[in-house]
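Novice: What follows is a single structure, and I will ask about it in a moment.
The values are calculated or read from the model by the stated rules, or taken from the named source; none is laboratory data. The structure presented is a predicted model; accordingly, all values stated were derived computationally and were not measured. Positions of Cβ are generated from backbone atoms using ideal geometry, with glycine treated the same way; all protein chains shown enter the neighbour counts. With ligands, DNA and RNA removed, areas are computed over all heavy atoms of the protein, side chains included. Shrake-Rupley method; radii C 1.70, N 1.55, O 1.52, S 1.80 Å.
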Amino acid sequence: MSNRHLARSIVMQSLYQWDFKNQPTAVLPAIIDQNLEEFGAGLTEDKQYVYDTVDGVINNLSEIDKIITQYATNWPLEQLSLVDRNVLRIGIYELKFNDKIPAKVAINEAIEVAKTYGGQSSGKFVNGVLGAIFKNANIKKE
């Protein structure tokens, strides 16, 4: 597993815990620190990516959740599994707000994280939603 993929997994785990605990922003740094300590052995430069990505998702949460609602029309946000919801949040953040991540990388990584941590259809679901966002939002970053 690459360091960046591991870092994305830690981002997803941190957002999952935060969301599961009803989004207590004050404890988010402690959640991230705990997950980095437990799962992030060997991560050095990608530790900052974890903090930056979690912060980016939280700071843009309202807009990201509106996008999920717009593109996952058959699934109300609160009915999505915690894994699918937070994988989509990471993927949308990387697609729309992080110019350093190529769009195809953001989508492929989100699919892989969804397959690893989600249910049987999570990978297909995430692929469908992020693919539609990529196509319809005219995101041109490579």
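Novice: Counting pairs of alpha carbon atoms under 8 Å apart in space and at least six apart in sequence, what relative contact order in percent does the chain give? Write out the running numbers ahead of the final one.
Specialist: Working: 141 pairs, mean separation 32.4, N = 142.
Relative contact order, the chain: 23 percent.
Novice: Bin width 5 Å, alpha-carbon pairs only: give the P(r) of segment 79-123 as whole percents, running from 0 to the bin holding the largest distance.
Specialist: Taking all Cα pairs of segment 79-123, the binned fractions are 5, 27, 31, 20, 12, 4, 0 percent.
Novice: Now for a separate question. Just name one of T44, A30, I67: the one whose Cα is farthest towards the positive end of the charge dipole of segment 1-82 (beta-carbon charges, Lys/Arg +1, Asp/Glu -1).
Specialist: Final value for the positive-end residue is I67.
Novice: Keeping every protein chain in place, order K115, K135 by accessible area at 1.4 Å, biggest value first, i.e. largest first.
Specialist: Values: K115 120, K135 155 Å².
Of K115, K135, the descending order of accessible area is K135, K115.
Novice: Which percent of Cα-Cα pairs in the chain sits in each 5 Å bin, short to long?
Specialist: Result returned by the calculation: 2, 11, 22, 25, 22, 13, 5, 1, 0.
Novice: Starting from the residue with the highest accessible area, list E78, E109, E94, E38 in decreasing order, probe 1.4 Å. Display every interim value, and only then the final one.
Specialist: Working: E78 145, E109 40, E94 0, E38 115 Å².
Largest accessible area first, the residues go E78, E38, E109, E94.
Novice: Moving on. Where Lys and Arg each count +1 and Asp and Glu each count -1, what net charge lies around I68 among other residues with Cβ under 9 Å from its Cβ?
Specialist: +2
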